[in-house]
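Read through the structure below, which is laid out as structure tokens, and then see the notes.
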Amino acid sequence: MSKPEETKMEKVVSLCKRRGFIFQGSEIYGGLSGIYDYGPLGTDLRHNIKQYFWDNFIKERDDVYGMSAAILMPSRVWEASGHTELFTDPLVECKVCHERVRADQPEAIADHESKHKKEKVEWSKPTVFNLLVETKLGASETTAAKVNLRGEITQGVHVNFKNILDSMHPKIPFGIGQIGKAFRNEITPRDFLFRQREFEQMELQYYIKPEEAEGKRVFEYWKQFAFDWYLGLGFKKENLRLRQHASDERAHYAKDAWDIEYNTPFAGWKEAWGIHHRGDWDLRRHSEYSGVDMSYFDEEKKERFIPWDIECSGGVDRAVLFVLLEAYTEDEVDGEKRIYLKLLPRIAPIKVAVFPLLKNKPALVEKAREIYIMLKKEIDGVSFDDNGNIGKRYRRQDEIGTPYCVTVDFETIEKGAGVTIRDRDTGKQERVKIDELTKYLKVV
């Protein structure tokens, strides 16, 4: 019987492990469902995506402040935010093996039933399951405080709203952005990085005056800004879309909500990013539950009000997954099948690889090392590679998404003819003088 062809998702998962992007969490102990570890290249890819977010949403703007809130938060925070009551999924349990899956995920139910074809699978009635992860802090069982690992990073910004006002004295409108880990006790984690129990988010909370016209204007601005930013990760425009939530689909805090969706090869259109009009829900609730005034005083109009919040929120890990799926490409070079990741230089883990044509020629190796050190001072993501023949090195760098390979050959040494630069996507090579190399690579 012939082996079924691998799906694109399976190919990407295999590449991620083979090339050091992503591994199953604690794999040698059997792994944990919905938990993944990032290897060297995956860490760099994820860092570059986060840096791209930080630069565009925070660093390059005059009206946004960055912060980093703690992961552990009192349970009272989640009562105020509505998560204790409303952060739930419907759960059903198999009466045969007692495995639990989400009742609103027919694909998870179908997968389970296919594993138990010989038995008639019966399901319990749906029950409500809260996704918050609980723990306790303190040495004594009787006095230990009940806390939660945050289910979203958003609340870390809202509970610090007054601290930002008092320390930075911002004028409305202004934003607060952060990147950080969140945790959800997902009933059915699935689809690799798409639905995990531990994941990372990048978010902006943008506070505005509570006026309908202003709310619509700012919401439309950030909706387009976020869409353009996501396109900037290297997606084809036809593979992304904006979709508005139906009124019965919105989260409990949302006055309006739109998703940027990616057309995945494993399940069609799936959420990549959210733009939510949260109104005054969060600040008003935290003011009520904490007893601390979370209002803003407008010095010009001499009035006090609870601001509205426009939120831009996206998963780092989903961005990594979707970028890898979008970038994964197969073609032929010189009659041989080639796999490569068509990553943009701004997010590629390695932007330039430097080779000596032959590793057993000291003059070539020495010059290649010299060029490697020169480039490393000016460009992030430079590697040195002399392992295997030149063809294998090209294939290896293609597979990890390196946009450019610089090769030192005999003409470099004997004729001062510069080096060759090979383009990953086209395979074409051109010669560039060594003293022009840094400028050339920064431009491309």
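The values are calculated or read from the model by the stated rules, or taken from the named source; none is laboratory data. No experiment lies behind these values; they were computed from the predicted model shown. Every residue, glycine as well, gets a Cβ built from its backbone with ideal geometry; the counts of neighbours run over all protein chains shown.
Number of residues in the stretch 252-269 that are within 24 Å of Gly82 (Cα to Cα) and in contact (Cβ under 8 Å) with a residue 60 or more places away in the chain: the value is 2. Each residue in the stretch 308-331 was checked for being surrounded by fewer than 19 Cβ atoms within 10 Å (Cβ to Cβ) and assigned to a helix (DSSP H, G or I), and 0 of them qualify. In the set (1) touching a strand residue (DSSP E or B) at 6+ places or on another chain (Cβ under 9 Å); (2) closer than 30 Å to Tyr36 by Cβ, Arg346 fails one condition alone, (1).
The set of residues in the stretch 153-187 being part of a loop (DSSP other than H, G, I, E, B) and either farther than 30 Å from Glu99 by Cα or modelled with pLDDT of 95 or more (or both) consists of Ile153, Val159, Asn160, His169, Pro170, Lys171, Ile172, Pro173.
Out of Phe199, Phe129, which single residue is of a type in the set (Phe, Trp, Tyr), touching a helix residue (DSSP H, G or I) at 6+ places or on another chain (Cβ under 9 Å) and in a strand (DSSP E or B)? First the steps, then the outcome.
On the way: Phe129 fails: touching a helix residue (DSSP H, G or I) at 6+ places or on another chain (Cβ under 9 Å).
Residue meeting the stated conditions: Phe199.
If you go through the stretch 284-295 and keep only what is over 13 Å from Glu79 (Cα atoms) and either among the hydrophobic types (A, V, I, L, M, F, W, C) or touching a helix residue (DSSP H, G or I) at 6+ places or on another chain (Cβ under 9 Å) (or both), you end up with Val292, Asp293, Met294, Ser295.
Just to check your reading of the model, which residue among Phe305, Phe297 is surrounded by fewer than 21 Cβ atoms within 10 Å (Cβ to Cβ), among the hydrophobic types (A, V, I, L, M, F, W, C) and touching a Pro at 6+ places or on another chain (Cβ under 8 Å)? Talk me through it step by step, then tell me what you get.
Details: Phe297 fails: touching a Pro at 6+ places or on another chain (Cβ under 8 Å).
Selected residue: Phe305, the only one of Phe305, Phe297 that is surrounded by fewer than 21 Cβ atoms within 10 Å (Cβ to Cβ), among the hydrophobic types (A, V, I, L, M, F, W, C) and touching a Pro at 6+ places or on another chain (Cβ under 8 Å).
Give the stretch 91-104 a look and list any residue that's farther than 20 Å from Glu198 by Cα and touching a residue at least 12 places away in the same chain (Cβ under 8 Å), or say none. Talk me through it step by step, then tell me what you get.
If we filter the stretch 91-104 for residues that are farther than 20 Å from Glu198 by Cα, which is where we start, we get 92-99, 103-104.
Selection gives Val92, Glu93, Cys94, Lys95, Val96, Cys97, Glu99, Ala103, Asp104.
Residues in the stretch 397-421 that are surrounded by fewer than 16 Cβ atoms within 10 Å (Cβ to Cβ), under 13 Å from Val432 (Cα atoms) and of a type in the set (A, V, I, L, M, F, W, C): Ala417 only. For the stretch 270-307, give me each residue that is without any contact (Cβ under 8 Å) to a residue 12 or more places away in the chain, more than 21 Å from Asn160 (Cβ to Cβ) and in a strand (DSSP E or B). Glu303, the sole residue that qualifies.
Yes or no, residue by residue, for (1) without any contact (Cβ under 8 Å) to a residue 40 or more places away in the chain; (2) farther than 30 Å from Asp111 by Cα; (3) buried (at least 16 other Cβ atoms within 10 Å of the Cβ):
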site: Met168; (1), (2), (3): no, yes, no
site: Lys171; (1), (2), (3): yes, yes, no
site: Gln201; (1), (2), (3): no, no, yes
site: Phe219; (1), (2), (3): no, yes, yes
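In the stretch 36-107, counting only helices (runs of 4 or more DSSP H) that sit wholly within it, the ones holding 1 or more residues that are within 30 Å of Lys162 (Cα to Cα) and not assigned by TED's automatic domain parsing to the domain that holds Ile164 span 75-81, 83-86. If you go through the stretch 354-396 and keep only what is β-branched (Val, Ile, Thr), crowded, with 18+ Cβ neighbours inside 10 Å and not in a helix (DSSP H, G or I), you end up with Val354, Val382. Identify, please: which residue in the stretch 380-412 is at pLDDT 95 or above and of a type in the set (A, V, I, L, M) and is, among those, nearest to Cys16 (Cα to Cα)? Residue satisfying both the conditions and the ranking: Ile400. Residues that are at pLDDT below 90 and either of a type in the set (Asp, Glu) or within 18 Å of Phe199 (Cα to Cα) (or both) within the stretch 36-87 comprise His83, Glu85, Phe87, listed in sequence order.
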